[in-house]
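No value in this document is a laboratory result; all are computed from the given coordinates. In this text the structure is predicted, and so the values were computed from the model without any measurement. Reconstructed Cβ throughout: ideal geometry from the backbone, glycine too, with neighbour counts over all protein chains shown.
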Amino acid sequence: MSDSAINDNDLVLLYLKQHKSWLIRIKKGEKTHTHAGFIEHNAIIGKEFGSSVESSTGKTFRLLKPTIADFLMRFSRPTQVVYPKDLGMIAAWTGLSPGKIVVESGTGSGALTAFMANLVRPNGHVYTYEIREEFMEVAKKNLQKVGLLDYVTTTKKDAKEGIDIKDADIAIIDVGDPWTLVESFKNALKGSGMLATISPTMNQAEKITAELLEKGFIDVWTVELISRELEARTGMTRPSMRMIGHTAYITFARKGV
Ligand SMILES: C[S@@+](CC[C@H](N)C(=O)[O-])C[C@H]1O[C@@H](n2cnc3c(N)ncnc32)[C@H](O)[C@@H]1O
């Protein structure tokens, strides 16, 4: 079978229309039920990604290869997560790429962890620290489901007590009181290593900036990314009526030695 053909055990995005799609794992003999009828997995095996299948009620579903954003938006989310618009910014400015060693806290639902693992694989690694067992377990399940757990080491620990890694390329802090973790993450980073923190409020961004400067970090700056979707239709294109008003402020810095 060609690379673009769908096999047993593949993950497939069953797409009915925008905002109506199902992420499924193909299993010989199984069915997926939707409000628009059920779909036999046997009818999908061997088809090309991009082609279509009909449900029991005659509705057409397109068979799409899921991207990392499709996975993340369907994760179990017991905590706040970092959204795709901010993930892209973090990747660009920290230089997330294959082979990089990343340290992170907290793991939360593992959305940012999974995004980073997907970029640093196959020979990079993410070491992530989470204080709460129940969140760590959800994150591990999420990572397992999308086949990224092999590129992540999860540790249940208060990151204030220190990080067991040295010479990491990139450090990420996404906790309510990020200034309490700067010392731990500075010790884990290599000289000039990149650090990014995610702060829901301006007060947090202000406090983490002061702490990073105090601890000798260089090139400390904060950004808020505002994203607005367009409804593009011939002759009447305009911004969407709804938009995400606020997610987080991201503060970047580099370790000075
Ligand atoms: C906002 S969530 C992180 C969300 C994550 N970035 C994601 O995209 O799924 C913050 C997490 O940090 C954890 N946390 C808070 N303080 C911590 C600490 N000192 N050490 C380790 N984890 C901590 C919390 O339990 C929570 O799960």
Using θ = phi - 60° and the Karplus curve 6.51 cos²θ - 1.76 cosθ + 1.60, what whole-Hz ³J(HN,Hα) does each residue of the range 232-246 get, with Gly and Pro shown as x?
8, 9, 3, x, 8, 6, 7, x, 4, 5, 10, 8, 7, x, 7
Gap in Å between the Cα centre of the range 31-45 and the Cα centre of the range 184-237?
42
Once Trp93 and Leu16 are pulled to full extension, the length gained, defined as 0.36 nm per residue separation minus their Cα-Cα distance, is 24.2 nm
Most exposed first, judged by fewest Cβ atoms within 10 angstrom, Trp221, Trp179 run Trp221, Trp179
If each part is reduced to its alpha-carbon centroid, the range 49-96 and the range 114-173 end up apart, in Å, by 20
By the Kirkwood definition, with r running over pairs of different Cα atoms, the chain has a hydrodynamic radius in Å of 20.1
Give me Tyr129, Tyr15, Tyr249 sorted ascending by neighbouring Cβ count inside 10 Å, so fewest comes first.
Tyr15, Tyr249, Tyr129
Rank Pro239, Trp179, Ala210 by how far each Cα sits towards the positive end of the charge dipole of the range 174-257 (+1 on Lys, Arg Cβ; -1 on Asp, Glu Cβ) and give me just the farthest.
Pro239
Once the dipole of the chain is set up with Lys and Arg at +1 and Asp and Glu at -1 on Cβ about the Cα centre, which of Val103, Thr155, Gly88 lies farthest towards its positive end?
Gly88
Under a cut-off of 21 Å between alpha-carbon atoms, report the lysines in cross-link reach of Lys207, not counting same-chain residues fewer than 8 places apart.
Lys160, Lys186, Lys215, Lys255
What distance in nm separates the simple spin-label points at Leu64 and Arg254, each placed 7 Å from Cα in the Cβ direction?
3.8
Hey, fewest Cβ within 10 Å first, where do Val223, Val102 land in order?
Val223, Val102
Considering only the chain, percent of DSSP beta bridges that pair antiparallel, nearest 5
60
Could you tell me which of rounded, prolate or oblate describes the range 11-66, using a ≥ b ≥ c as the square roots of the eigenvalues of the alpha-carbon gyration tensor, with rounded for a/c under 1.5 and, failing that, prolate when a/b is larger than b/c and oblate otherwise?
rounded
